[in-house]
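Structure first, then comments.
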Amino acid sequence: MWFGATIVDRRNGSYMKSKMMRLIDLELGDVLRRHRFGRVAVSVLPTDAFHLTRSAVLRRFGWRLGRGALLASTPRLLGSGPLHRRLTVGAGVYVNSGAVWDLGAEIELGENVHIGQGVSLLTTTHKTGDATCRAGDLVHAPISVGAGSWIAAGTTVLAGSTIGAGSIVAAGCLVRSDVPANCLFGGVPGRVIRMLDDDIDELATDVVEQLATTA
């Protein structure tokens, strides 16, 4: 008989933890208890619906989601160990579908950040190895996204990058360094295209539509 991660031996009344469950605990640890169960709990919810319900359920399983944070679908989380301790999503954040977040190190999304479709936040990379294996030892570095920023569809943000508050990262951009606050940033690799200000009327709509296309 199963009770959580324990098998009850009815013959002698002793409790024996199976080798399989010990292996699962070792491999998944907190991922199993917090995130895998959370993903199962919200798997019945359709994409682009029940945003508040999805967030509320995931909070119950340890996801640190700020007030009013909305998820169009459940982000795919990569990594091992206590992932819920490495993820902070601020109040008013919106995350569109297809997000992939590698949590080898911390990811922090400030308040009112908007994440477009298919955005990857990757905190893990490799040192360069020798010719026998160019992908050397793993290296982890955090990613931080400042309040009010918009990361448009298909963007990839690499380990150690910081995106300044109020910036727009154009669709399909590769971010591998720091992004200044209040700028339009785009390209592969990314670069500053122009600085922004609070006068929305002077922000060229056609430029934003061309470089940031879809949310």
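Each reported figure results from applying straightforward, stated rules to the coordinates on display, with no laboratory input. Keep in mind it's a predicted model, so treat the numbers as computed, not measured. Note that each Cβ is placed from the backbone with ideal geometry, even for glycine, and that neighbours are counted across all protein chains shown.
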Output row, site residue 59, 7 Å Cα→C-beta label point, backbone N cut-off 13 Å, window the stretch 86-125, residues 89-93
In nm, spacing of pseudo-spin labels at residue 134 and residue 67 (7 Å Cα→C-beta vector): 5.0
Computed E for residue 177/residue 45 - FRET, C-beta separation, R0 25 angstrom, nearest 0.05: 0.10
Histogram of C-alpha separations across the stretch 48-212, 5 Å bin width, %: 2, 9, 17, 22, 19, 14, 9, 5, 2, 1, 0, 0
Burial order of peptide ranges 75-81, 134-140 (average beta-carbon count within 10 Å, highest first): 75-81, 134-140
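Given Cα pairs under 8 Å that are at least 6 residues apart, what percent is the relative contact order of the stretch 48-212?
Numbers: 464 pairs, mean separation 21.9, N = 165.
This gives 13 percent for the stretch 48-212.
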